1. What helices (runs of 4 or more DSSP H) completely inside the range 42-118 contain at least 3 residues that are open to solvent by less than 80 Å² (accessible area, probe 1.4 Å) and more than 28 Å from Gly131 (Cα to Cα)?
2. Among the residues of the range 262-284, what is the count of those that are open to solvent by less than 50 Å² (accessible area, probe 1.4 Å) and of a type in the set (A, V, I, L, M, F, W, C)?
3. How many residues does the range 272-293 contain that are over 18 Å from Asp248 (Cβ atoms) and not in a helix (DSSP H, G or I)?
4. With respect to Lys168, determine if the residue is farther than 23 Å from Gln228 by Cβ and of a type in the set (Lys, Arg).
Amino acid sequence: MKEDRVISAIIIGLYIILALFAVASTFNPGWLQKISEPGKNTEALTFIDNANREMYSGNWKGAAMQYQQALVIDVDNREAYGNLGIALTRLGQFSKAKQCFENVKRLNQGLDSMAQFNYFESIGNLEKSIGDYNLRQNKEYHKNYRKALSAYKKAIVLMPHEPILYYKYAYLLMKEQNDSLAIKYFNEGISINLNKDTYYYSALLTEYLPAIVSGDTEIIENIEQLYQERIAWERFDTESLKTFQKADIRLGNAYFNLGVLYKRNGLKQLAAKQFEYAVKINPQLSNNINRMK
């Protein structure tokens, strides 16, 4: 029958197409890679989303496994490498974490300062963790702390509006007994923290990093333009921002550490003032202060 011949031709045609794809896949040509990329990216992002949820819940091991699955699919995913490095740092697998951050550095080539600073902060956190571990093991730790300080300083230069970097830098200086410089950077960080512009720039950065990962050039260009323009505070709810600022735990800890520095340098009145500020933000710090008396 004529219809049977048509159906047979269609089936044979499908087999030929499948066979051609099978042959092509053995050579893995560029056009076939492009066809498969959207599906691969979607699958990789699913693993990354699952890993992010695990990491936010504190399941570092589970997060690491999910990021590794994402990298099997998308071997050049910068976000997966960076977050895997963070998870491995928390798990104490420092050499593997370093390899991840080296891949982040490689993939960062050509990106601007807003994308680069996250790498330096991660390296600082890694070297600090190694130093803390060595200190607990009664091993030499100053070398790692110095590397962490260098990385944090580079991050500060790249992103001077981020107070947490000042606090991390100052805290390590404090541990290294460099009190005068630690006091300077805690004060600078607090000053930035109290400036509402800081929250605006942090919000821009929160939007910017995912756009870099996804390659959304429109969002990237918009944020870079906003970063250069005057902040239109009349468009925002600054009262809610002030309420949020008063409950900023990072700011409370910075006041506490600054108080400790003033106290051990004999500046009791200044120390008492910082402790007062700290307790207003975080009342639980009063227990730490009382133990110091």
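The values are calculated or read from the model by the stated rules, or taken from the named source; none is laboratory data. All values derive from a computational prediction rather than experimental measurement. For neighbour counting, all protein chains shown are included, and Cβ atoms are generated from backbone atoms with ideal geometry for every residue, glycine included. For the accessible areas, the whole protein counts, side chains as well, though only heavy atoms, and no ligand, DNA or RNA atoms are used. Shrake-Rupley method; radii C 1.70, N 1.55, O 1.52, S 1.80 Å.
1. Correct list: 60-73.
2. Result for the range 262-284: 5.
3. Residues that pass the stated criteria total 2.
4. Working: farther than 23 Å from Gln228 by Cβ: yes; of a type in the set (Lys, Arg): yes.
Yes.
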